[in-house]
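Comments concern the structure below.
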Amino acid sequence: MAIAAMILGIVSLVFCWFAALWWLWLPAGVAGIILGALGKKNSSSKQGMATAGLVMSIIGLALGLICFVACIGCAACYGASDLVRYY
Amino acid sequence: MHIFINIFGLHIPSYGLCFTSALLLCGFLIIRSAKKRGICFEDMIIIITATMSVAIMGAKLLYILVTYTPAQMLGYIKNLDFTFIIDGGIVFYGGLIGGILGAIISCRLLKIKIVDFEYCAVPYIPLGHAIGRIGCLLAGCCHGFEYYGPLAVKSEILADGKMYFPIQAVEAIMNVVIMVILLLYRRKTDKKDISDHGILILYLLLYSIMRFTNEFFRGDSIRGVNILSTSQWISVALFVACIAAIVFRKKKN
């Protein structure tokens, strides 16, 4: 689990700079955080690796979200206007 | 207002910065509260991550359901065009429902009482929401109706030269007020044996009233079905459900 968290953390950190690869770094970051936390909790020997995976996943997700999250609430409003026209 | 903020020469998207800051700050505060309740750091990280992920999926799903007709969705899927899933936005109420489901599932799996997690997390949801609304104010989206009085703001995203009512700032302030009320309620009930969902009911009640009222001041597009917007209909249903829950709790006690 710790090794998986480390790999996913690296993937998230490396690919978070590319918006088109959101389908890669976003789930990798989420999975890396969960596996890193589980690895820290359950494993006594690979704590360092689990922590590294956890930290890298958090940083990768944070950087990706800062760069690529637009104001997505607004588009819901425009979507609702389509629904009104439909009715 | 500014879509980008200049920090040490870097152009950082203001909404993304606010969104991520809200997540990190609220995560930190929730984990700090959880320590006092004896929930370990790792369990809390897992619950917060799972809750946020399901919340975002729920928010997106509700947006898709209110935006596209079944025929439109089938049309896209038949053409193997899945861009409609990532295009567009999200709906807060979908996020709330998804978040509650994500929290219930992850707490069950980790054998943690959902009520304990509620008391740690619920007071900080309006804080995160308030910071997100500041991001909206900076970006100029989710704006109010056209308005040229005091404190009117421009929308950089629209760049149409018009001024709008700063409903994003009003919502941010109201969310902070809700957070203070929830923290005071938590302090009052903290030493008692908590086995009900009082803090969640209180938050949903206050938020539904706030959202119903604020929707009248929104001007970003024609919204909803018949007289009220989608969010207003959900607010009404939520308000009724909260009142029913309060009456049921009183009868039970």
If you take the residues of region A:16-56 that are of a type in the set (A, V, I, L, M, F, W, C), free of Cβ contacts under 8 Å to residues at least 24 places away in the same chain and farther than 18 Å from B:G27 by Cα, which of them is surrounded by the fewest Cβ atoms within 10 Å (Cβ to Cβ)? A:A20
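With B:I5, B:I12 as the choices, which residue is facing chain A (nearest Cβ under 10 Å), part of a strand (DSSP E or B) and not hydroxyl-bearing (S, T, Y)?
On the way: B:I5 fails: facing chain A (nearest Cβ under 10 Å).
Just a single option satisfies the conditions, and that option is B:I12.
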Helices (runs of 4 or more DSSP H) fully within region B:49-130 counting 1 or more residues that are at pLDDT 85 or above: B:92-110, B:114-121
By residue number, the members of region B:158-180 that are at pLDDT below 85 and either surrounded by fewer than 19 Cβ atoms within 10 Å (Cβ to Cβ) or under 15 Å from the mean Cα position of the chain (by Cα) (or both) are B:L158, B:A159, B:D160, B:G161, B:K162, B:M163
Near pairs, Cβ below 7 angstrom, 6+ apart or cross-chain, from region B:167-179 (without any contact (Cβ under 8 Å) to a residue 12 or more places away in the chain and within 14 Å of B:G132 (Cβ to Cβ)) to any residue that is surrounded by 22 or more Cβ atoms within 10 Å (Cβ to Cβ) and among the aliphatic types (A, V, I, L, M): none
Residues of region A:2-48 being more than 20 Å from B:I47 (Cβ to Cβ) and in a loop (DSSP other than H, G, I, E, B), which ones? A:C16, A:W17, A:F18, A:S44, A:S45, A:K46
Would you confirm whether any residue within region B:22-33 is farther than 30 Å from A:K41 by Cβ and part of a helix (DSSP H, G or I)? no
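The values are calculated or read from the model by the stated rules, or taken from the named source; none is laboratory data. Note that this is a predicted model, so its numbers are computed, not measured. Neighbour counts are summed over all protein chains in view; Cβ atoms, including those assigned to glycine, are modelled from backbone coordinates with ideal geometry.
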